[in-house]
Amino acid sequence: MEKLLLLGDEAIAQGAIDGGLSGIYAYPGTPSTEIMEFVQGSKQAEELNIHRTWSANEKTAMEAALGMSYAGKRSMVCFKHVGLNVAADAFVNASITGVNGGLIVVSADDPSMHSSQNEQDSRFYAKFSLIPILEPSNQQEAYEMAYYGFELSEKLNVPVMLRITTRLAHSRAGVQRSQVKKQNQLHLPSDPRQFVLLPSIARKNYKKLLGMQPAMDVESEKSTFNTFVDGTDKKLGVIAAGLAYNYLMENYVNGKNPHPTLKLCQYPLPHKQVADLYNLCDSLLILEDGAPVIEEMLKGFLNLGKPIHGRLDGTLPRDGELNPNIVAKALGMTIQEGQDIPDIVKNRPPSLCQGCGHRDVFEDLNEVLKAYGTGRVFSDIGCYTLAALPPFNSVNSCVDMGASITMAIGAADAGLIPAVSVIGDSTFTHSGMTGLLDAVNKNSPITVIISDNSTTGMTGGQTSAATGRLFEICQGIGVHPDHLKIITPLKKNHEENVRIIREELEYKGLSVLIPQRECIQTFARRKKADKNESN
Ligand code: SF4
């Protein structure tokens with residue numbers, strides 16, 4: 001089979017396609033976005049009629065993937081780590097329903113928070129849900145794990161988590177493909193009540209899930225992804241999980257690592273292999289990107305006196321992503337410094353594009369807010385969050401998807417009137433709509449600005465579930481027509497927009513304003529594509 005040069009994300013996508021994928025569901029979020037984008041752009045996926053559209057949010061994506069699994073076909077759902085929080089209800093319950101067709105849940109973690117609000121470790125969720133985790137150490141394994149994950153999922157009758165981190169998702173390497181597998185035929189679960197989580201059935205299913213744990217252990221013990229390599233210096237044994245194995249090996253020229261090492265890429269922990277390494281060495285060093293998941297587990301069951309080093313005892317930093325230098329330091333090796341970052345790429349704070357409609361929205365809003373003082377703007381997550389920075393300095397909170405509306409409600413309940421929420425069109429449909437329903441039901445004295453750029457701008461311009469329909473959606477939710485207005489955020493409309501915003505801030509009930517102007521990046525791409533088509 002051919003060899004391709006692929007990003008980690010793309011390797012997962014190709015592995016899933018070759019492994020018999022019938023449908024992929026996702027909500028964009030860095031560093032996971034390129035998985036769906038690759039499948040959407042794949043000719044092979046098109047020929048195989050693989051379903052591949054963005055979902056409104058991670059929970060709907062997770063549920064749709066479970067639905068496809070119910071129907072017997074292989075499905076994959078992808079999001080970033082914080083997206084797993086949104087999908088958590090469905091995700092945890094999917095471990096209790098079990099699967100019919102294989103189901104892979106890709107959760108892309110972002111240690112060091114390159115573009116995220118936190119650096120939580122998705123492995124905790126999978127452990128909590130009692131399902132296996134696959135954690136690739138390179139792009140080839142990313143491909144193989146997606147390819148093999150469906151089989152593992154069907155064999156164990158549970159979803160399988162494929163956990164990656166930013167560095168792997170966004171770096172390229174050569175990937176050897178395997179034989180393309182046929183998609184499953186549509187078939188219903190043999191137990192017609194498997195997916196019905198009434199308490200009596202859920203209790204039965206949960207016992208079954210617990211009963212499957214030894215089989216999951218066996219799969220990990222015999223997994224070719226977990227490999228032991230002996231070494232001469234037995235003073236220290238190393239457990240290196242996923243990408244951390246790469247960081248370890250980059251420190252040894254010609255791959256001559258002196259320490260007995262367990263490369264650990266499939267969970268639950270292969271207890272026998274871990275215990276063998278422990279017995280062989282005087283101490284252990286645990287290398288894992290993210291939280292000290294393995295280290296905490298080992299301190300529980302291997303608490304037999306030998307030192308275990310890692311993130312918990314300060315041998316490695318407790319936060320942030322690992323890299324070869326950090327690992328070298330933990331091993332007592334001399335650090336190889338790279339070149340200094342050139343000034344031209346250093347210290348470039350992110351900012352809204354010149355000409356972006358969000359800029360006009362905040363210029364209008366800031367002018368009105370001068371009369372009220374600062375501290376009243378609750379933002380959501382999107383390009384517009386950058387208005388927290390100079391020159392706008394407008395935004396006072398950004399917590400999670402949808403929180404702008406609900407936090408404004410709470411602040412208004414506390415007496416902060418008026419309070420303003422700024423949310424994008426994609427984020428609004430992701431998880432702002434239910435918050436708006438709360439505001440409608442209470443007639444909260446808040447002004448909600450849905451800054452509509454007709455796309456999911458921050459992640460590169462994916463489709464937005466509300467494009468062209470925001471007004472009608474807000475009407476349907478029950479916003480009073482007198483206080484539901486569309487404006488056009490352009491310099492020439494500044495005076496008029498300021499007047500409208502001022503009026504709505506003065507109104508002691510709920511107002512929704514929809515400034516509408518397409519993201520200039522997607523606009524430029526669309527124009528270019530149109531031009532190419534007409535040539
Ligand atoms: S990508 Fe689009 S929405 Fe984001 S800042 Fe640039 S123009 Fe604005």
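Which helices (runs of 4 or more DSSP H) sit wholly inside region 467-535 and have at least 2 residues that are more than 16 Å from the ligand (Cβ to nearest atom) and open to solvent by less than 30 Å² (accessible area, probe 1.4 Å)?
Numbers: elements: 470-477, 494-506, 520-534.
Of the helices (runs of 4 or more DSSP H) lying wholly inside region 467-535, those with at least 2 residues that are more than 16 Å from the ligand (Cβ to nearest atom) and open to solvent by less than 30 Å² (accessible area, probe 1.4 Å) span 494-506.
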Number of positions in region 440-470 that are in contact with a strand residue (DSSP E or B) (Cβ under 6 Å, 6 or more places away or on another chain) and modelled with pLDDT of 95 or more: 8
Does region 394-426 hold any residues that are of a type in the set (D, E, K, R), open to solvent by 40 Å² or more (accessible area, probe 1.4 Å) and part of a helix (DSSP H, G or I), and which are they? 413
Among the residues of region 230-257, count how many are open to solvent by 40 Å² or more (accessible area, probe 1.4 Å), out of contact with any Pro (no Cβ under 7 Å at 6 or more places or on another chain) and over 15 Å from residue 135 (Cα atoms). 6
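Conditions (1) away from the ligand (no atom under 16 Å from the Cβ); (2) farther than 24 Å from residue 242 by Cα; (3) touching a helix residue (DSSP H, G or I) at 6+ places or on another chain (Cβ under 7 Å); (4) free of Cβ contacts under 8 Å to residues at least 12 places away in the same chain, marked per residue:
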{"site": "268", "(1), (2), (3), (4)": "yes, no, yes, no"}
{"site": "292", "(1), (2), (3), (4)": "yes, no, no, no"}
{"site": "308", "(1), (2), (3), (4)": "yes, no, yes, no"}
{"site": "313", "(1), (2), (3), (4)": "yes, no, no, yes"}
{"site": "321", "(1), (2), (3), (4)": "yes, no, yes, no"}
{"site": "326", "(1), (2), (3), (4)": "yes, no, no, no"}
{"site": "341", "(1), (2), (3), (4)": "yes, yes, no, yes"}
{"site": "351", "(1), (2), (3), (4)": "no, yes, yes, no"}
{"site": "357", "(1), (2), (3), (4)": "no, yes, no, no"}
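May I ask you to verify whether residue 381 is among the β-branched types (Val, Ile, Thr), out of contact with any Cys (no Cβ under 9 Å at 6 or more places or on another chain) and open to solvent by 10 Å² or more (accessible area, probe 1.4 Å)? Full working, then the answer.
Working: among the β-branched types (Val, Ile, Thr): yes; out of contact with any Cys (no Cβ under 9 Å at 6 or more places or on another chain): no; open to solvent by 10 Å² or more (accessible area, probe 1.4 Å): yes.
So residue 381 fails the test.
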Name, by its number, the condition in (1) in a helix (DSSP H, G or I); (2) modelled with pLDDT under 95 that does not hold for residue 204. (2)
Please state which of the following conditions residue 39 fails to meet, knowing it meets all the rest: (1) in a helix (DSSP H, G or I); (2) open to solvent by 30 Å² or more (accessible area, probe 1.4 Å). (2)
Within region 155-184, can you find the residues that are within 17 Å of residue 22 (Cβ to Cβ) and in contact with a Lys or Arg (Cβ under 8 Å, 6 or more places away or on another chain)? 183, 184
Which condition does residue 391 not pass, out of (1) part of a loop (DSSP other than H, G, I, E, B); (2) within 16 Å of the ligand (Cβ to nearest atom); (3) touching a Gly at 6+ places or on another chain (Cβ under 8 Å), if it passes all the others? (3)
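The values are calculated or read from the model by the stated rules, or taken from the named source; none is laboratory data. All figures in this text were calculated on a predicted structure; none of them were measured in a lab. No Cβ is skipped: glycine too gets one built from the backbone with ideal geometry, and neighbour counts run over all protein chains shown. Areas reflect the complete protein model, heavy atoms only, side chains present, ligands, DNA and RNA absent. Shrake-Rupley method; radii C 1.70, N 1.55, O 1.52, S 1.80 Å.
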